[in-house]
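The values are calculated or read from the model by the stated rules, or taken from the named source; none is laboratory data. Computed from a predicted model, the values in this text were never measured in an experiment. When we count neighbours, we look across all protein chains shown, and the Cβ atoms used for this are built from the backbone with ideal geometry, even at glycine.
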Amino acid sequence: MRHNKKFNHLSRTASHRAALLSNMACSLIKHKRITTTLAKAKALKQYVEPLITKSKNDTTNSRRVVFSYLQDKYAVTELFQEISVKVADRPGGYTRILKTGFRQSDGADMCIIELVDYNENMAKTAKKATRTRRSRRSAAAEAPAAEAAQTEAPAEEAPKAE
């Protein structure tokens, strides 16, 4: 029976899976965004988010614990010096998975996994699109009103220039 055995084994042995996730976590920390399959990205998300949480507390013990998972001192340094500072006020959810389609060769679900605070395009607050009210007036009826507004505008600007 498979009671309480939820994580994806990714068709690998335990040592191969640990090495795969460690290398992918190091790549994610160094490059802030990687492209991989959806199954690996979901497994990586569960693997790397506790490490980022651990990096918020910069102690010798937490560095040793994170290093035991990553085995890359440059990735550990990057994690503790830059990433932990940027996510200090975030209570969780440090990564985002964006689906990109299917791989040409075998049809695998592909995606991009990235650190949330490092995507400038998503970080900008999106302006809520306001819908304009639609009227049934014809374009011919609106044309004279638009011309009148254009002729009035230069008349208002001329006294300001003097």
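Residues in the range 57-90 that are assigned to a loop (DSSP other than H, G, I, E, B) and either touching a helix residue (DSSP H, G or I) at 6+ places or on another chain (Cβ under 8 Å) or surrounded by 14 or more Cβ atoms within 10 Å (Cβ to Cβ) (or both): Asp58, Gln71, Asp72, Val87, Arg90. Residue-level check: of (1) over 20 Å from Ala108 (Cβ atoms); (2) at pLDDT below 95, Leu70 misses just (2).
Report yes if some residue within the range 104-115 is farther than 23 Å from Leu10 by Cβ and not β-branched (Val, Ile, Thr); otherwise report no. Break it down into steps so the answer makes sense when it comes.
Step one: of the range 104-115, the residues farther than 23 Å from Leu10 by Cβ are none.
No.
In a residue-by-residue description of the range 33-54, the property of being loosely packed, with under 15 Cβ neighbours inside 10 Å and more than 26 Å from Met122 (Cβ to Cβ) applies to no position. Does Gly93 meet the test of being within 30 Å of Ala14 (Cβ to Cβ), of a type in the set (Gly, Ala, Ser) and either at pLDDT below 95 or not in a helix (DSSP H, G or I) (or both)? Yes: the conditions hold for Gly93. Scanning the range 24-42 for residues that are closer than 18 Å to Thr100 by Cα, among the charged types (D, E, K, R) and either touching a residue at least 40 places away in the same chain (Cβ under 8 Å) or in contact with a Lys or Arg (Cβ under 6 Å, 6 or more places away or on another chain) (or both) returns Lys32, Arg33, Lys42. Of all residues in the range 28-56, those being out of contact with any Leu (no Cβ under 9 Å at 6 or more places or on another chain), over 23 Å from Pro91 (Cα atoms) and in a helix (DSSP H, G or I) number 1.
Quick check on Ala123: is it within 13 Å of the chain's Cα centre (by Cα) and either modelled with pLDDT under 95 or of a type in the set (Ser, Thr, Tyr) (or both)?
Details: within 13 Å of the chain's Cα centre (by Cα): yes; either modelled with pLDDT under 95 or of a type in the set (Ser, Thr, Tyr) (or both): yes.
So Ala123 passes the test.
Just to be sure before I move on: is Thr100 at pLDDT 80 or above, hydroxyl-bearing (Ser, Thr, Tyr), within 21 Å of Lys32 (Cβ to Cβ) and in a helix (DSSP H, G or I) in the structure I sent? So Thr100 does not fit the description; no.
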